[in-house]
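The values are calculated or read from the model by the stated rules, or taken from the named source; none is laboratory data. Please read all numbers here as calculations on a predicted model, not as lab measurements. Backbone-built Cβ (ideal geometry, glycine too); neighbour counts: all protein chains shown. Quick note on the areas: whole protein, heavy atoms, side chains included, nothing else; ligands and nucleic acids left out. Shrake-Rupley method; radii C 1.70, N 1.55, O 1.52, S 1.80 Å.
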Amino acid sequence: MTSPSPDTSVPTHLESDVLVIGAGGAGMYAALEAAKGGASVILADRSLIGRGGATVMAQMTVAAALGEQTPDHWEHHFADTLAAGRGLCDERLAALLCEDGPQRLREMDAWKVGWAREDGHIKQAQAPGHDRPRCAYVDFLSTGPAVSKTLRTQLNNASGIRRIGDLTIVDIALRDGEACGATALHLPTGQAATLAAKAVVIATGGLTGLYRRNSASSNMGGDGYALALRAGAELIDMEFVQFFPIGHLAPRLVGMDPIMWDPFRYKLGGKLLNSEMREFEEDYATRDERSDGTYVLTRDLATYAITKEVEAGRGSPSGGAYLSFQHVPEAEIRKAFGPVVDRLAENGIDLAQRPVEVAPIAHYHMGGIRVDEMMATGVPGLFACGEAVGGANGANRLSGNAITEAFVFGARAGRSAAERAKQGASVWSTEAAKPALDLLRSASKRDAPNPAAVMVKLQAAMADDVGPFRTDAKLRAAISAIAQLKADIGDTPFASAESFDPVLADWLDLRNMLAVAQSVAVPALARTESRGAHQRDDHLGLDDAWSVNQIVALSGSDMTLRKIVATTGKAAA
Amino acid sequence: MKATLSIQRGAFGETPRQDTFDIPFEHGQSILDGLRAVRRSMDPSLAFRFACINANACKECMMLIDGKVDYACTVRLKEGTTTLAPLPKKALIRDLVTEIAPPGERLVLRP
Ligand SMILES: Cc1cc2nc3c(=O)[nH]c(=O)nc-3n(C[C@H](O)[C@H](O)[C@H](O)COP(=O)(O)OP(=O)(O)OC[C@H]3O[C@@H](n4cnc5c(N)ncnc54)[C@H](O)[C@@H]3O)c2cc1C
Ligand code: FES
């Protein structure tokens with residue numbers, strides 16, 4: 001136990017060659033590769049190491065052209081990724097993901113992650129949008145936990161990596177426009193800490209915590225996007241938030257990931273029914289010629305179908321659709337999902353007897369920090385990887401691509417950061433940490449508003465007005481709601497206690513979440529067309545004039561928006 | 001219908017006090033759902049750990065629930081009173097929060 005020191009004027013100071021922010025799949029991989037490259041590494045996470053974000057929660061699959069199930073080549077995976085991205089992928093990043101994916105999955109295999117096997121080879125499942133079975137997984141619904149555990153074991157065995165949990169990075173420290181470390185809040189003691197580093201890697205994951213219904217952990221309010229923006233880096237494709245069509249809605253299911261129904265559908269062919277108990281998928285599906293036909297709706301079409309059924313008054317009682325497995329024999333359900341069936345029973349769910357209710361939930365962010373193929377942002381010394389990065393998946397992501405992206409981009413960012421550190425680039429200065437330290441010191445007790453309640457308001461505004469189906473009026477309403485909430489929380493943090501202060505933590509989260517919410521709503525308003533995960537009820541259909549990416553940046557405190565032509569050409573491997 | 005949470009409060013070194021919160025009872029909700037509701041509508045300063053909310057993957061939300069060590073995100077809220085306390089064998093930080101990070105993964109503060 002560390003008791004709070006009375007003297008907070010001089011914060012704890014740590015130094016390393018490379019600072020990695022966020023210990024999910026991307027951050028852990030980055031730390032391992034940076035250490036392999038000879039760098040001393042600090043790996044910091046606001047939660048426990050390897051447990052705070054999406055990686056540990058993932059239950060499904062990881063896509064790579066391993067060619068174990070059927071012959072495959074990374075270029076087929078690349079073609080599918082570009083098709084899903086609807087013309088907006090950064091081809092260098094997409095190519096890197098697809099080309100390096102197999103190597104990373106084999107490395108994980110050698111590290112004994114336990115990919116499911118069949119007849120001696122790694123089993124690869126078919127998932128929508130992929131032209132062939134390409135998705136590895138760990139049974140039963142254990143992909144994320146197995147991946148996290150494997151990487152944590154590697155971290156344990158590696159030397160030169162210092163892991164620090166409960167450390168929330170508040171801002172990147174800048175000296176002459178270069179990243180030279182970061183300022184952090186150590187939540188348990190309420191003390192600030194400064195971290196000097198020659199290179200900094202943002203691996204903070206996604207932003208789906210901005211939405212009312214989501215699959216996020218409490219650490220997924222989009223910190224990394226806000227850190228990058230304030231440091232002077234650019235964001236790309238921020239309007240593209242992926243909604244997972246069949247998130248669990250009712251009855252209340254505890255102890256299980258809300259997106260768990262997808263593998264059930266793959267394996268057993270669950271049926272989507274409306275309140276009339278009629279199947280409605282076929283009404284909306286455009287049959288994907290490359291798919292084998294068992295799964296007819298892509299994610300965006302399924303989200304559309306359920307939303308439209310609810311709007312037409314044919315929703316389930318909790319406002320979604322029914323998902324039914326009543327046609328599947330009980331023994332088959334048990335065979336496919338073993339112990340998971342008992343966990344469902346503990347929640348009062350018997351799939352053979354009754355349907356569950358599902359609805360679209362915010363699940364993944366295609367957009368993110370703009371990087372080149374070395375994972376470098378426009379800010380010298382600042383790198384990014386994993387879901388925090390935008391571009392590889394364009395306007396929509398194939399299932400299974402996100403974990404591969406975390407591995408591949410994480411490894412690449414770690415290597416790049418180690419190389420930069422070798423050049424001895426960034427130099428720390430205490431001045432660089434001053435703005436963030438001043439911010440933390442300005443925290444004061446206040447009775448209202450309750451930041452936990454403000455967060456709920458923001459999530460409602462985002463869900464209602466910046467959800468999967470958008471209009472000019474809704475987006476304008478959201479942008480002014482965000483501005484109002486910003487005014488409500490003001491410029492100086494709220495505090496309630498010395499140690500482990502959730503009020504301060506929420507205020508700092510809101511500072512980031514409001515900036516990030518704006519960075520989603522503003523390009524969504526500008527994009528007057530429908531493409532991939534961005535659907536405008538007032539601008540139906542794709543508009544060729546919009547085959548461009550939008551870039552968000554900060555100029556002073558103003559958010560700026562510009563367009564660029566999508567980056568083509570493959571990455572140098 | 002209501003559920004009552006009786007929660008041990010206070011930081012390390014302080015004399016613990018017991019605070020009681022009444023929240024609407026909804027069938028199927030977890031203790032964690034209840035704690036989050038308290039923070040949203042009654043006391044935002046209530047400290048407890050959690051990350052994953054639904055998946056039972058982060059393992060951060062362990063506490064004493066009616067005297068038994070369990071996960072706040074998997075134990076159901078019940079009608080009547082549930083008593084919550086921090087883990088007894090871990091160093092207390094504040095309210096329901098204890099030091100649970102492995103020793104090798106903590107910040108060592110400036111002496
Ligand atoms: C429930 C769920 C299921 C999924 N299933 C799949 C799947 O089957 N297949 C697939 O390909 N993808 C899946 N995805 C997506 C995929 O899991 C993620 O995109 C990927 O794991 C992201 O990895 P990451 O390392 O970039 O981020 P994360 O794993 O989210 O890690 C980010 C880390 O950064 C930390 N952090 C955040 N902010 C700060 C800060 N300010 N200071 C310090 N630390 C910070 C967080 O605590 C967290 O530990 C799923 C996502 C979810 C939510
Ligand atoms: S909140 Fe993650 S295990 Fe309980």
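Can you name every residue in the range A:191-208 that is outside any loop (DSSP other than H, G, I, E, B), within 11 Å of ligand 1 (Cβ to nearest atom) and either open to solvent by 10 Å² or more (accessible area, probe 1.4 Å) or polar (S, T, N, Q) (or both)? Within the range A:191-208, just A:T208 meets the criteria.
Do we find a residue being among the small types (G, A, S) and either within 14 Å of ligand 1 (Cβ to nearest atom) or within 30 Å of A:K457 (Cβ to Cβ) (or both) anywhere in the range A:146-156? I'd like the intermediate steps shown before the answer.
Of all residues in the range A:146-156, those among the small types (G, A, S) come to A:146, A:148.
Pick out the ones that are also either within 14 Å of ligand 1 (Cβ to nearest atom) or within 30 Å of A:K457 (Cβ to Cβ) (or both) and you get A:146, A:148.
Among the residues of the range A:146-156, at least one is among the small types (G, A, S) and either within 14 Å of ligand 1 (Cβ to nearest atom) or within 30 Å of A:K457 (Cβ to Cβ) (or both), which makes the answer yes.
What about A:L437, is it out of contact with any helix residue (DSSP H, G or I) (no Cβ under 7 Å at 6 or more places or on another chain) and under 25 Å from A:A184 (Cα atoms)? Yes.
Can you say whether A:G378 is open to solvent by 50 Å² or more (accessible area, probe 1.4 Å), modelled with pLDDT of 95 or more and of a type in the set (G, A, S), as far as the supplied structure shows? Outline the logic, then answer.
On the way: open to solvent by 50 Å² or more (accessible area, probe 1.4 Å): yes; modelled with pLDDT of 95 or more: yes; of a type in the set (G, A, S): yes.
Criteria met by A:G378.
Give the residues of the range A:54-95 that are within 26 Å of A:S530 (Cβ to Cβ) and part of a loop (DSSP other than H, G, I, E, B), sorted by residue number. Within the range A:54-95, A:G85, A:R86, A:G87, A:L88, A:C89, A:D90 meet the criteria. Restricting attention to the range A:160-190, the residues being more than 13 Å from ligand 1 (Cβ to nearest atom), open to solvent by 10 Å² or more (accessible area, probe 1.4 Å) and assigned to a strand (DSSP E or B) number 5.
If you check A:S480 against the conditions, is it out of contact with any helix residue (DSSP H, G or I) (no Cβ under 7 Å at 6 or more places or on another chain), under 24 Å from A:L554 (Cβ atoms), in a helix (DSSP H, G or I) and among the polar types (S, T, N, Q)?
Against the criterion (out of contact with any helix residue (DSSP H, G or I) (no Cβ under 7 Å at 6 or more places or on another chain), under 24 Å from A:L554 (Cβ atoms), in a helix (DSSP H, G or I) and among the polar types (S, T, N, Q)), A:S480 qualifies.
Evaluate the range B:27-43: report whether one residue or more is more than 10 Å from every other protein chain (Cβ to nearest Cβ), open to solvent by 50 Å² or more (accessible area, probe 1.4 Å) and of a type outside the set (G, A, S).
Pass one, the range B:27-43, residues more than 10 Å from every other protein chain (Cβ to nearest Cβ): B:34-35.
Now drop any that are not open to solvent by 50 Å² or more (accessible area, probe 1.4 Å), which leaves none.
No, the range B:27-43 has no match at all.
Could you list, in sequence order, all residues of the range A:246-280 that are part of a helix (DSSP H, G or I) and either within 9 Å of another protein chain (Cβ to nearest Cβ) or among the basic types (K, R) (or both)? Steps first, please.
So in the range A:246-280, the residues part of a helix (DSSP H, G or I) come out as A:261-268.
Answer for the range A:246-280, where residues must be part of a helix (DSSP H, G or I) and either within 9 Å of another protein chain (Cβ to nearest Cβ) or among the basic types (K, R) (or both): A:R265, A:K267.
Within the range B:74-95, the only residue that satisfies the criterion of being within 18 Å of A:R46 (Cβ to Cβ) and hydrophobic (A, V, I, L, M, F, W, C) is B:I93. Taken over the range A:401-433, the criterion of being buried (at least 24 other Cβ atoms within 10 Å of the Cβ) and either modelled with pLDDT under 95 or β-branched (V, I, T) (or both) is satisfied by A:I403, A:T404, A:V408, A:S426. Residue count for the range A:552-573 satisfying the condition of being outside any loop (DSSP other than H, G, I, E, B) and over 24 Å from A:C98 (Cβ atoms): 10.
Applying the criterion of being among the hydrophobic types (A, V, I, L, M, F, W, C) and either surrounded by fewer than 24 Cβ atoms within 10 Å (Cβ to Cβ) or within 8 Å of ligand 1 (Cβ to nearest atom) (or both) to the residues of the range A:50-64, the residue that is nearest to A:R132 (Cα to Cα) is A:A63. Looking at the range A:357-372, can you tell me whether even one residue there is surrounded by fewer than 21 Cβ atoms within 10 Å (Cβ to Cβ) and touching a strand residue (DSSP E or B) at 6+ places or on another chain (Cβ under 9 Å)? Looking through the range A:357-372, at least one residue is surrounded by fewer than 21 Cβ atoms within 10 Å (Cβ to Cβ) and touching a strand residue (DSSP E or B) at 6+ places or on another chain (Cβ under 9 Å).
None of A:V516, A:V456, A:V503 is of a type in the set (V, I, T), in contact with a Leu (Cβ under 7 Å, 6 or more places away or on another chain) and assigned to a helix (DSSP H, G or I) except A:V516. Within the range A:229-254, the set of residues being open to solvent by 10 Å² or more (accessible area, probe 1.4 Å) and on the phi > 0 side of the Ramachandran plot comprises just one member, A:G232. Select from the range A:16-59 the residues that are basic (K, R) and either more than 15 Å from ligand 2 (Cβ to nearest atom) or modelled with pLDDT under 95 (or both) and list them in ascending order. Matches in the range A:16-59: A:K36 only.
Considering only the range B:51-75, how many residues are more than 15 Å from ligand 1 (Cβ to nearest atom) and either surrounded by 23 or more Cβ atoms within 10 Å (Cβ to Cβ) or among the aliphatic types (A, V, I, L, M) (or both)?
To start, the set of residues in the range B:51-75 that are more than 15 Å from ligand 1 (Cβ to nearest atom) comprises B:62-72, B:74-75.
Restricting the remaining residues to those that are either surrounded by 23 or more Cβ atoms within 10 Å (Cβ to Cβ) or among the aliphatic types (A, V, I, L, M) (or both) gives B:62-65, B:69, B:72, B:75.
Residues that pass the stated criteria total 7.
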